[in-house]
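In what follows, a structure is listed as structure tokens, so that the remarks can point back to it.
The values are calculated or read from the model by the stated rules, or taken from the named source; none is laboratory data. Model, not experiment: these values are computed from the prediction. Don't worry about glycine lacking a Cβ; one is built from the backbone with ideal geometry, like all the others, and counts go over all protein chains shown.
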Amino acid sequence: MKESANDIEVLTQQLREVAEEQAVNEKERKKLERLEEDVGEFYRKEARLFDDFLSTWQRDSRMRHFLVEQQRSCRREQALTWENIEERREMLQKERRQLQEKETEFFTKRRTLTEAGKPQ
């Protein structure tokens, strides 16, 4: 009986730890959402800026060529940034699922031990 109570306490502590990890994960996911919004706004402003530059320099072919090349370079960087953000989002979602599975497992074990320790 004492061993069962000890096991229940261990599982309760593990559940607390999982809850803390879930809170950190949720905080990271919210932070990533804000980052996505900020990055999106930055890239929209960047696109408008390039449009303005290109319309201003439309008659100077060398400058226009330079700006187009810069714009392409920025778009490549943008694609890498979005790819990194997507990888981070997927990693956080995977971690969230794993924590939920752990939580379910610990709850189930604790309930089983609690029910086994009850007098019939």
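Computed quantities for the displayed model
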read-out: Single residue of 73, 61 found to be within 18 Å of residue 46 (Cα to Cα), of a type in the set (S, T, N, Q) and either in contact with a strand residue (DSSP E or B) (Cβ under 6 Å, 6 or more places away or on another chain) or loosely packed, with under 15 Cβ neighbours inside 10 Å (or both); value: 73
read-out: Long-range neighbours under 7 Å by Cβ, at least six apart or interchain, first residue polar (S, T, N, Q) within the stretch 63-83, second assigned to a helix (DSSP H, G or I); value: 71/50; 78/43; 81/39
read-out: Tabulated pairs, the stretch 3-14, first more than 11 Å from residue 117 (Cα to Cα), second surrounded by 12 or more Cβ atoms within 10 Å (Cβ to Cβ) and at pLDDT 90 or above, C-beta under 7 angstrom, 6+ apart or interchain; value: 11/106; 11/109; 11/110; 12/110; 14/106
read-out: Check on residue 88, modelled with pLDDT under 95 and surrounded by 11 or more Cβ atoms within 10 Å (Cβ to Cβ); value: no
read-out: Candidates 23, 5, 116, filtered to the one that is under 24 Å from the mean Cα position of the chain (by Cα), of a type in the set (A, V, I, L, M, F, W, C) and assigned to a helix (DSSP H, G or I); value: 23
